[in-house]
Amino acid sequence: MLEFGDVVYFIDLKAFDTAITINKGGEGVTVKENEVKVTYDKDGEIITRETFERVLPQGKELDPAKYDLLKTFVEYIIDYSEETDDALGADRALDQTPLGYKIVFNTLMKEGIIKEKK
């Protein structure tokens with residue numbers, strides 16, 4: 001939990017996973033692969049041509065650039081150690097932080113990765 005001002009925030013790991021996932025994959029989602037095997041004789045003429053088709057389950061695909069960026073943002077939020085006056089409230093406490101922190105905090109809020117605990 002992250003307490004900022006008089007508001008408590010938490011990191012939503014499902015939202016983080018959703019933000020970095022390109023393709024969910026999973027059960028029932030498959031990928032077809034075709035392989036062609038050609039056999040030649042000594043003169044280079046085609047003797048046989050066989051086509052094999054494989055159906056494989058599709059795996060989950062992640063966006064590595066977005067993962068690295070959001071991971072760095074979360075680390076920045078967690079490692080931020082400036083003292084703020086909790087009596088001011090979250091908005092005033094956020095106003096006293098550096099621009100970089102504001103950008104990171106607002107980006108994570110917009111992506112739904114940081115959520116306010118109700």
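A straight Cα-to-Cα reach below 19 Å connects K60 with the lysines K14, K24, K32, K71, residues fewer than 8 places away in its own chain not being considered. Note down the net charge around K24, summing +1 for each Lys or Arg and -1 for each Asp or Glu among other residues with Cβ under 10 Å from its Cβ. So the surrounding residues net to -1.
Close amide H contacts of I114 (hydrogens built in the peptide plane, cut-off under 5 Å, sequence separation of 5 or more or a different chain): D12, M109. Under 5 Å between amide hydrogens, built in the peptide plane, is the criterion, and for V8 it picks out K117 among residues at least 5 positions away or on other chains.
Quick note: the coordinates plus some simple rules give every number you see, no bench work behind them. Please read all numbers here as calculations on a predicted model, not as lab measurements. For neighbour counting, all protein chains shown are included, and Cβ atoms are generated from backbone atoms with ideal geometry for every residue, glycine included.
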